[in-house]
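Engineer: Submitted below is the structure of interest, expressed as structure tokens.
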Amino acid sequence: MFLCVFPTAVNDMEKKLAEYKCDTNEAVCLKLVRFPEDIDDESTTFHPEYSHQLFGDDEVAFGYKGLQIQLYYSAGNLSSLFKVKYTARVTDTFDCVEVCHIISLIVLTCTVFISTIFGRLSLREDLTYQIHKVDISCPGFREYHERLQTFLMWFIETASFIDVDDDRWDFFLVFEKYNKDGETLYATVGYMTVYNYYVYPDKTRPRVSQMLVLPPFQGEGHGAQLLETVHRYYCTSAKVQDITAEDPSENYVKLRDFVLVKLCLTLPSFSSEKLSQGFSEEMVSEAREKLKINKKHARRVYEILRLRNTDMSDEEKAKEFRLEVKKRLYGPYRKNQRELTKMQKCLRPEELASQISQMDTRLQHEELEKSYQDVLAEYRRVLERLAQA
């Protein structure tokens, strides 16, 4: 006997099962709880940007209608409360269908809500916020960091956890002070991890690995304040060669541009008079010695400040600025030309023709102009923020 399955029946089944698919970026509900009433306050809920590390590339959980994965953290030490809610489960209707096992995917410590603060070295304090440097030996910090780094998977696309037992790691925490019933408590705002690489013969190169400001505090300038504070901290060490970042995101580069430009405004070599004379070794040397900024970043700072000092309505001055930036941007194309010259000696005619077609001069000029316009827009955004600071 043969079982005949009609297309209409299959489509109806697919439609019914589709009702049990949930977007996990919407289903996951996060909170930082300061007060008991925050638990039922919908305005304090925020959602992840990413959930693929737990739920797969599609970021979908199957098997539930109206799914809510509630993951609430105490604002201070990030003790967590975990609960799964749904209006219906697919197994209630279809016995043979396997569901996504939410609880086995998210395993976190659930304890009481309390608040605390870590840090043996306070780098910055004001009436509301504090930045502390911490090491892994600080009592309770290891457990706190395990909870803190869970936010990475929700907000950094390629996040991975670090080996905290390596003593080359530095940790920087941002806290908000708040008052509850006359008691001063602390809420976690964000953090940064920095790895100290060895540079021969006796230097180190701090490299920013992870940086995150939690969503309730984003857009308030905490990221810039954290980066500037950490940068100033390392500038005081004679052993530091320069400060870099590991695979920086576009947003991090924008933040770094703003902070480094702000810092370099105080350097004599970046004065208006010196900027008009072009990029110089004096700028490279002073930026490296006083602010631990490498040559590549110093050049970018110079171009931003040069734009700030250039009247772009003046055609001659605008052209001079444009050509100087394009000269730097042309570097990769010039390298391609040198490689082509070498290829001419070893490639067959048809292979050489293929390489030449990829290096079309007109196309290169178009790409160069686009790169310049993109850089100009980035620089103007930095200057707009600088004007508002």
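Engineer: How about region 157-212: which GluC sites (Glu not before Pro) there are in a DSSP loop, with at most 13 other Cβ atoms within 10 Å of their Cβ?
Structural biologist: Glu157
Engineer: Sticking with this one: Using mean Cβ contacts within 10 Å as the protection proxy, how do 227-236, 187-196 order, highest first?
Structural biologist: Answer by packing, highest mean first, reads 187-196, 227-236.
Engineer: Could I ask something else about it? Give the long-range amide H neighbours of Leu123: residues separated by 5 or more places, or on another chain, with amide H under 5 Å away, using H modelled in the peptide plane at 1.01 Å from N.
Structural biologist: Ile131, His132, Lys133
Engineer: Testing the spin-label approximation: label points 7 Å from Cα along Cα→Cβ at Ser285 and Ser371. State their distance in nm.
Structural biologist: 3.0 nm
Engineer: Given the peptides 69-75, 323-329, arrange them by the average over their residues of other C-beta atoms within 10 Å, most packed first.
Structural biologist: Highest mean packing first, the order is 69-75, 323-329.
Engineer: Continuing with this model, one more query. Tell me, what ³J(HN,Hα) does each residue in region 170-180 have, in order and in whole Hz, if you take phi through Karplus 6.51 cos²θ - 1.76 cosθ + 1.60 with θ = phi - 60° and put x for Gly and Pro?
Structural biologist: 10, 10, 10, 10, 10, 10, 9, 8, 9, 10, 9
Engineer: Please say if region 172-255 is rounded, prolate or oblate, where rounded means a/c under 1.5 for a ≥ b ≥ c the square roots of the C-alpha gyration tensor eigenvalues, and otherwise the choice is prolate for a/b larger than b/c and oblate otherwise?
Structural biologist: Here region 172-255 falls in the prolate category.
Engineer: Hey, can you rank 293-304, 309-320, 136-147 by average C-beta count inside 10 Å, highest first?
Structural biologist: 293-304, 136-147, 309-320
Engineer: Using a simple spin-label model with points 7 Å from Cα along the Cα→Cβ vector, what separation in nm is obtained for Glu220 and Ala159?
Structural biologist: 1.9 nm
Engineer: Rounded to the nearest 0.05, what FRET efficiency do Gln364 and Glu273 give with R0 = 45 Å and r taken as the Cβ-Cβ distance? Could you check?
Structural biologist: 0.80
Engineer: Here's something else I'd like to know. Note down the nm distance, to one decimal, between modelled labels 7 Å out along Cα→Cβ at Tyr198 and at Thr266.
Structural biologist: So the label points at Tyr198 and Thr266 sit 3.3 nm apart.
Engineer: Cβ under 13 Å from Cys29's Cβ, Cys29 left aside: what net charge do those residues give with Lys, Arg +1 and Asp, Glu -1?
Structural biologist: -3
Values quoted throughout were computed directly from the atomic coordinates according to the rules given, and no laboratory measurement underlies them. Computed from a predicted structure; not experimentally measured. Ideal geometry is used to build each Cβ from the backbone, glycine not excepted, and the neighbour counts take in all protein chains shown.
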